[in-house]
Amino acid sequence: MLFAVRKILVCVDETYHDRGPAPESPAVKGAIAAVVSNPYVDRYVEDLSPASDELRALGERLGHRLIDALGGDADAIESYGKGAIVGTSGELEHGAMWHIPGGGGMRAAIGRGEAIVASTKKVGPMGARLDIPLTHLAWSYVGSHYDAIEMGVPDGPRPDELVLMLAMATGGRINARLAGGFTLEDRDRPDTPA
């Protein structure tokens, strides 16, 4: 095992109103973070591909845990994102290792997702936080679903660790009315972005 899990932290955010009309049900989004050992600290490693299978399995595991925290219905998930914080003895590329396998594992847990999984990463100290971007899982241009959730772990990452995160939401922003934003129905129009 390359990535030993020290702890997992889950955050669920339910918003009931936001200065305008209250929706019929709250906007629900959440994030999950796994604090794992970084096997590549303090040295340059040319080939990081051996990490992929283990990270994909971790992404699927975390994806299922987050779906459960958000009510247990994978069909209710409408948007997703991911992120990584690398401890100070690592390098930014160690966070990038998470993006393809973590996103693939999350898609497997949800059972769908055609759009790119928005992502971010940084090197940071213990207690660092990250704004994880969220976009619609079928088409990234759905303006009502441009969002983010902040996540971090108070005692991670230690210098030789990674904090690997996934985020999901069951809908878009409350009272979304982005000027010029696209809807999912706009996806098939010839004049919209590909």
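Values as computed for the structure displayed
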read-out	value
Qualifying residue in region 152-160 (condition: farther than 23 Å from L9 by Cβ and exposed (fewer than 14 other Cβ atoms within 10 Å of the Cβ))	no
Some residue of region 165-173 being surrounded by fewer than 18 Cβ atoms within 10 Å (Cβ to Cβ), under 20 Å from the mean Cα position of the chain (by Cα), part of a loop (DSSP other than H, G, I, E, B) and touching a residue at least 24 places away in the same chain (Cβ under 8 Å)	no
Matching residues, region 1-34, being more than 22 Å from A169 (Cα to Cα) and not charged (D, E, K, R)	M1, L2, F3, A4, V5
Residue in region 184-194 that is among the hydroxyl-bearing types (S, T, Y), at pLDDT 95 or above and in contact with an Asp or Glu (Cβ under 7 Å, 6 or more places away or on another chain) present	no
Condition check for G87: among the small types (G, A, S), surrounded by 22 or more Cβ atoms within 10 Å (Cβ to Cβ), under 22 Å from A169 (Cβ atoms) and modelled with pLDDT of 95 or more	no
Per-region count, region 28-74, residues assigned to a helix (DSSP H, G or I), without any contact (Cβ under 8 Å) to a residue 24 or more places away in the chain and in contact with a helix residue (DSSP H, G or I) (Cβ under 9 Å, 6 or more places away or on another chain)	0
Check on T120, part of a strand (DSSP E or B), of a type in the set (S, T, Y), surrounded by 19 or more Cβ atoms within 10 Å (Cβ to Cβ) and touching a residue at least 24 places away in the same chain (Cβ under 8 Å)	no
Residue match in region 118-126 (condition: modelled with pLDDT of 95 or more, farther than 30 Å from S25 by Cβ and of a type in the set (S, T, Y))	no
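For every residue, the table says whether it meets (1) surrounded by 19 or more Cβ atoms within 10 Å (Cβ to Cβ); (2) among the β-branched types (V, I, T); (3) part of a helix (DSSP H, G or I).
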residue: G83; (1), (2), (3): yes, no, no
residue: G103; (1), (2), (3): yes, no, yes
residue: I116; (1), (2), (3): no, yes, no
residue: S144; (1), (2), (3): yes, no, yes
residue: I149; (1), (2), (3): yes, yes, no
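The values are calculated or read from the model by the stated rules, or taken from the named source; none is laboratory data. Computed from a prediction, not measured in an experiment: that's the story for all the values here. Note that we place each Cβ from the backbone using ideal geometry, even for glycine, and neighbour counts take in every protein chain shown.
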